[in-house]
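Step one of this worksheet: look at the structure below.
No lab work stands behind these numbers, since they all come straight from the coordinates. Computed from a predicted structure; not experimentally measured. With ideal geometry, Cβ positions are generated from the backbone for all residues, glycine too; neighbour counts draw on all protein chains shown.
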Amino acid sequence: MSDGEHHPSAWGPHDWSHGAPHNSWSPFILSMGVAIFLFSLGAAYEWGEFQGWGSLPLIFVGLGVISFSLLVWWRQDMSFGMHGEVFEPKSTGTPFQNIDIRKVAMWMFLMSEMMVFTSLFSTYMRYRLGIPNCKTVFHSGEWVEGTAVTCFEPAGHLIASSWFHIAPGAINTFALIISSFTIVQALRYAKKKDIDEDVRRRKVTRYLGTTWFLAILFLTLKMIEWFLGFPLPEFLHEFNHGDSEIKSLYAEGYLINADSYEHKAFDTDYIEKHPEDYSIPEESALYAMMEAGTHPGGKMMANIQVSATTFYVTTGTHGAHVLGGIIGLTYMTLKAAKGGYTPDNAVSIEYFGLYWHFVDLVWVLVFPFFYLY
Amino acid sequence: MAHYKILGQDPYWMNFYGLMILTLIEVLAVGADLDSFAESVGTEEKVITLWILTIIAIPKFIMIAAIFMHLYGDEDSGILTMTALFPAFFIIIMVLFVGLTHPDAASSLPAWCRPGTYGL
Amino acid sequence: MRSRTKGAIAVLLVISAMLALPSAQSLPAGISGVQQSGCNCHGAVPSDSVVASIDGLPESYNYSETYNITVSFQGGPSQEGNVNQGGFHLWASQGSLGVNDATAQLYNENEVGHTEAGNDQVAWTLTWTAPATDTNVDFILHVNSVNGNADGAGGGTSGDMWNKLTITLGGPVEVLEAADPFVVLGVLIIVSATLLAFTLVFVFYRKDPEAFDWDNFAPWLADWLTSTDHKKIGTLYFIAGLFFLGVGGIMAMIIRIQLSVPGNDFLTQEQYNQFFTLHGTTMIFLAAMPMINGFANWMIPLQLGAADLALPRINAMSFWLQPFAALLIFTGVFSGHGADTGWTGYAPYVVSEGAHYGTTMWAAGQIMLVASSTLTGINFLTTMAVMRAPGMGWMQMPLFSWSVLIANVMLFLSIPAFGVGLIQVYLDRVIGTAFYDIAAGGDPLLWSHLFWYFGHPEVYVVIVPSFGIISEVIATSSRRSVFGYRSMVYALAGIGVVAFIVYGHHMFTSGMSPTLRFVTMLTTMLVAVPTGIKIFNWLMTMHGGSLVYRTHTLWALGFLITFTLGGISGMFFPSIAMDTHLHESYFVVAHFHYVLVGGTVFGFFAGIYYWWPKATGKMLSEKLGVLHFLTAFVSYNALFWPMHRLGVWGMTRRHHTYFVTTEEALGSLPMEAAGWNMFITVSGFIFFFSNFIMVFNMIVSSVRGEDAPDDPWGGWSFEWMTSSPPPNHTLYKLNDGSWGLPTLEDANEHIANEPGWLSSWFQRLMVTDQETGETGEASH
Amino acid sequence: MSRPVAEDLPATLMRGVSPEHTETTMSVMTPIFAGLWEHYIFWSLIVGGFAFGWLFHHSFWFTSKDGEKLPNVDEIKIGVFPKHNDDMRLEVAWTVLPFLLIVWLTYYSWGPLDAMWTSADGGIHGYECEEGQSSNNSIDSSGIISSDCYHVIEITGQQWFWSFDCLELGTSICDTGTETMEVYGSVPVLSLKKGETYLATMTSIDVTHAPWFQHLGTKEDTLPGQQTTLWLPISESMSEESMVLCAEYCGDAHSVMAAKLIAHN
């Protein structure tokens, strides 16, 4: 029952001069969308098996509802700072006195994000340390040709095997660091008071756009590395074990359902060419067996589902955070192009930046532990 | 926003250069042939690489957090650093209890946990 | 307006269509359609002139006895000089039919028809063997009669008529059709929801009868759905929480009916498994947590002297995730395939194909609840860190605010582990990842670790806010300031830290790393220290005070009794040699119900009676309140106290039934256990229904309660400074008579609000400014 | 599966009612458990008696009627943080005293730890028995059983039954079989010899289970893909027959996943 007070529409732009709270439809709709999405996804697949087309359209309905609610949310917020109206309450309580409330909230959010990635890393550690490593099993010779052994095959075993396998990951590392830098530059120019409004608009848009582009690049390279692969010019083949392309992990069979994955000692070609000098360590049991002619060697089948699962889900969660960042950056770039960022509300960029730097920080840990080691 | 300079230069640019150099070192460390060095200290190349990567990851981590995330140099940096470090205890507990333990039979309880070990 | 009406009608139509859908049913299998619609080779419409009969069937059958029955008909197309002849088809839902001669043939056990040779008869002799179980048997007989030729040779085809006879036969004991407990649950949920809706509409109608039409109703409803006001969202949380408290209670009652006598078959194993799973999930996540959020939403801004929470829209998001999550969690129930994993959902069962489909949705719903709790955590931590009134340092915060702060710190740092675990389970079940695939090396204990890393802080999350409420209520009722405010705060913080390092005691017998079992055995013992401090401080608060007995005081004193008992029984678990016996027994059930009902829920009741006048502006009836306390407190203790003994006797948790015996080895429980279980069930029902006294009290109060003063109990914190109920945009009555945001004074000697040594150190380390400027890298 | 009908139960279950059986109700409490239990109950009574006595006294002593005009001891006023009402000595007392109590209880509970989780290599049950060697176990005053050596058996959990394997042990020491029980139907039986001590190495085929040897007061999960152990010391005073129930929820028929333990001479 409206008490005759000022009531902006629950769909429409906020009136920032009035401060919070304003009614909004988006929480209701967003929750509904998430529920529809999770429900239909769970109905469409069971244990990785497609259950028929019935609930597939519903997945898109769910995604559609989520997007719609995000649009409502943005529509309400787009006006923030655009016409000089900024609602940026400051902290009153010690010890955060005079810090923007949103900044504190963002740090609180990052605290829970830290715990999310700690959980994923703990899972990884537990499995990495608890399941025998495929290479160790391989060298021990305690396996039978044609029968899969359960062992842990770190993705790094594949990825770090050649310069070209590592290339997408390495470029991504640079891409994220550069994007961390560009977003901080966007913040700097948005905050600069002594420059022309138009210059500011162009600078901020450009830096945010670059960040957006680098995030897209990150996900594209991830797709190449996971699923697509990349052809190589001929003169590079010899640096890539003679392969004509960078094989995707998918093509290599590094999959969550890989229960008979073929473990390669990456020097098998080398072994064939130089039979006198196995790269299999001389002190290993396998070497002795091969010398004695009792073990054929070379091709070990492995059940690596857990290794692939931890790899894909951990890097995938990080990827999902990048995707979330892209959605945010799309909005911010558009807003910047409209001249939406001024020294008054530039802190918005800083708070998104905190999230973005955090995603970068996670990558700093993911990259060595999942790609290189 | 940063109100300080690094070596008289803009901190963001300096930080950026530093991060790029460190990352380059990382990638080179992965590519470099450290076999002979690894053998001389009696371990595998992988382990050496991992050590190098971990050691480099720490300054990278600090640089991003301190300079890009403004945990250094701003008026509110002190309290925000404390906020950021607050979960450290809980992270350590999770890594220790969840990440680094493994299921085992009750009969393999280590001696230091057993009654009588301390003459009690 | 017009389009709204159309929309409303359309929604109603869709809902009624959806309700109508499941009623389409088919009979048990037989040859398609024959037993229902008649032989389609004959005329389409049954005819009254043919009269079918079955002779030889008893009134009620005996188990497995064989009966000779005769199927016959009379009448048919009448033509002079002709004999009516024809065929038949008989279907029996149970038992087995048999034939005696060549005139009839058996299609299958349930169906028999005439043969070529028997096509010109009026009667056939058959046998029917009764089933060995007690059930109702349906017989459906079709006969057709044709206008046979007078000589009886060859039969005729003209004038074909047929008819049908249905007989239902009872077993040796007259049984009523067994009710499907899911239908019972479903009906009860729908009835409760409808009653809730009617009650709410009625209450709001009584508040403002003039404005009660669609033009006003639609925006009013939309306002509730879109509101970001902390008071409105708090009310929504309360309604949702109380509703699910009722739903969880209904499930508990169904469980108790099943357990009231040994060997009961009211519920099947599968149904029982789903009911206890959903009872646990509902009570923890859909009843207790929303109630806490309800209290916190209402009271935290008021106690801090703030206008709202820090992030109002995020707050609305936190709430709305919950009802949709509840829908997902209950999806399985509506289809009879609800999650049957226990609220702990231990791997690998939770990802096995043996667990019902509903488990996927159960995980999905809880993922949404995790998101909701994370957002709530961010919101409340931020609010309490940044929006305290001027003058209110950390150490001047009311204890309820402190308890919510600690609860949210615990919740928000632990729930990501649960969320990640749930996502692992969801992905395992949906896209086929291998986190808990044992063949691929998956470790079932990883789930237990992630779950209990969250689960143990979680049980403190639901009890700690009650500590806060009790601190407020006891101090106010005693007309004193709470004893040992600072040690109360340190004890709360201690509980918050200890919560994270003790979770291994849930896994003492699980095959977890033995070192960790030992470590958590030591740390678990520590839990007693901070809780002991709190209990003694509460007792000491009463010292030298002048206790006023009101309903909330009674609940608080009741809390002290039950929580102390629950705390003491908790001390039995870290003692390994006892734990290996008590683990997963009813002793555990008794313990956690003592702390979660006797602690959390009693605290909630105290809170409801304490703050209801503030939130609604109406007083609750003290008489009804005391009646509620007396019935509930007594029946509660009668309900849970005997469970301790049952556990020691060896009654196992999560077993759908139990057996009693005097012979040592035959079953597992002594004879008295049956009596105690019946006693528990009866007490359970009394406890369940006694809580409706409170609901009734609330309705009466909303409709015609006395108006409440601003500070009916004599509390000191800011919530008593505003009007009852608080104005739409929360503001406070300041000393100078104006409305605004307050400032806190401190009756103690001034305690400097200076940062501590740690934050000063960090400040020096991380902040460069003109004065210090000492840190190495920096220069100006 | 035929279900037990409520009316039939007394007839089935009253079997063997006789006065001398009425004491068996406490047989699930092993001597170790009973010792700890009594000790804990003692301290619980002291702590509970103290707290409840205090509560009882204060709730009747320091009372007043609603509306009475009473001195406002702590000068409570809306909007003013009230005067601290504390006493350092008391607060320290009820921090330190409970702490001392739990230190004592920890120490007291620590002793029987070995009875549950002793080492398989030279713990209180020594090492694995040679062929023909007997455990010859003995029980001390606190209920802890020690032995010369132990035998190894295997237990496997599966939805929803137990499999016992005596490995190479002779039937006089360890035997398995099945038996039909009136309420559980056909259940596996493990027959162990009194005076012998066994170490069960356990695993599971599908999901987690946990055998609860009710009269031994022990249980431990069986985990698929992993091995856990459980000590089964069968003393001379062990009851002849006792139940083994599943104590870790494992799906539909969890509650009837039972077995029988027979202690023979």
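Between the listed residues D:192, A:134, A:26, the Cα displaced farthest toward the positive end of the dipole of the protein assembly as shown, a dipole computed from Cβ unit charges relative to the Cα centre, is found at A:26. Legend: mean number of C-beta atoms from other chains within 10 angstrom of residue C-beta atoms, peptide A:352-365, equals 4.
Net charge in the neighbourhood of residue B:109 (other residues with Cβ under 15 Å of its Cβ; Lys, Arg +1, Asp, Glu -1) is -3. Each of C:440, D:169, C:456 was scored by the projection of its Cα onto the charge dipole of the protein assembly as shown, and the greatest displacement toward the positive side belongs to C:456; charges sit on the C-beta of Lys, Arg, Asp and Glu. Note on the stretch C:591-646: Kirkwood radius taken over Cα pairs, Stokes-Einstein applied at 37 °C and 0.692 mPa s, translational D equal to 263 µm² s⁻¹. Name the shape class, rounded, prolate or oblate, that the alpha-carbon gyration tensor gives for the stretch B:11-113, where a ≥ b ≥ c are the square roots of its eigenvalues, rounded holds for a/c under 1.5, and otherwise prolate holds if a/b is larger than b/c and oblate otherwise. It comes out oblate by the Cα gyration axes. Among A:203, B:60, a tally of other beta-carbon atoms within 10 Å of each Cβ gives an order, fewest to most, of A:203, B:60. If you sort the three axes of the alpha carbon gyration tensor as a ≥ b ≥ c, you get a/c of 1.5 or more for the stretch A:103-372 and a/b above b/c, which makes it prolate. Peptides D:155-167, B:31-43, ordered by how many other C-beta atoms sit within 10 Å of their residues on average, highest first, read D:155-167, B:31-43. For the options A:118, A:342, A:182, a Gaussian network treatment of chain A with springs between C-alpha atoms closer than 10 Å singles out A:118 as fluctuating the most. With both residues required to sit in chain A, DSSP beta bridges show an antiparallel share near 75%. GNM on chain A, alpha-carbon springs under 10 angstrom: the most fluctuating residue among A:42, A:253, A:156 is A:42. Seen through its C-alpha gyration tensor, with square-root eigenvalues sorted a ≥ b ≥ c, the protein assembly as shown comes out rounded because a/c lies under 1.5. Take B:68-75, C:444-451 and order them by the average number of nearby Cβ atoms within 10 Å per residue, most first; the result is C:444-451, B:68-75. Modelled this way, with points 7 Å down the Cα-to-C-beta line, the labels at residue D:50 and residue D:171 are 6.0 nm from one another. Along chain A, counting only GluC sites (Glu not before Pro) with a DSSP assignment other than H, G, I, E or B and at most 15 other Cβ atoms inside a 10 Å radius, the longest segment between sites is A:6-141. Only the Cβ atoms of Lys and Arg (+1) and of Asp and Glu (-1) were treated as charged; on that basis the dipole of chain C about its Cα centre amounts to roughly 2620 debye. Spin-label model, residue D:205 to residue B:51: label points 7 Å out along the Cα-to-beta-carbon direction sit 5.0 nm apart. Per residue of C:303-313, other chain Cβ atoms within 10 Å of the residue Cβ number 4 on average.
Helix C:485-501 and the long axis of chain C differ in direction by around 50°, with both axes built from C-alpha atoms. Counting only Cβ charges, +1 for Lys and Arg and -1 for Asp and Glu, the dipole size of the protein assembly as shown around its Cα centre is about 5740 debye.
Phi angles across the stretch C:404-412 convert, under the Karplus curve 6.51 cos²θ - 1.76 cosθ + 1.60 with θ = phi - 60°, into 3J(HN,Hα) values of 5, 4, 5, 4, 6, 4, 4, 4, 7 Hz, Gly and Pro given as x.
Computed from the alpha carbon atoms alone, the convex hull of chain C holds 256 Å³ per residue.
Packing-based ranking of C:406-413, C:551-558, C:196-203 yields C:406-413, C:551-558, C:196-203, ordered from highest to lowest mean Cβ neighbour count within 10 Å.
Per residue of peptide D:174-187, the mean number of Cβ atoms on other chains within 10 Å of the residue Cβ is 2.
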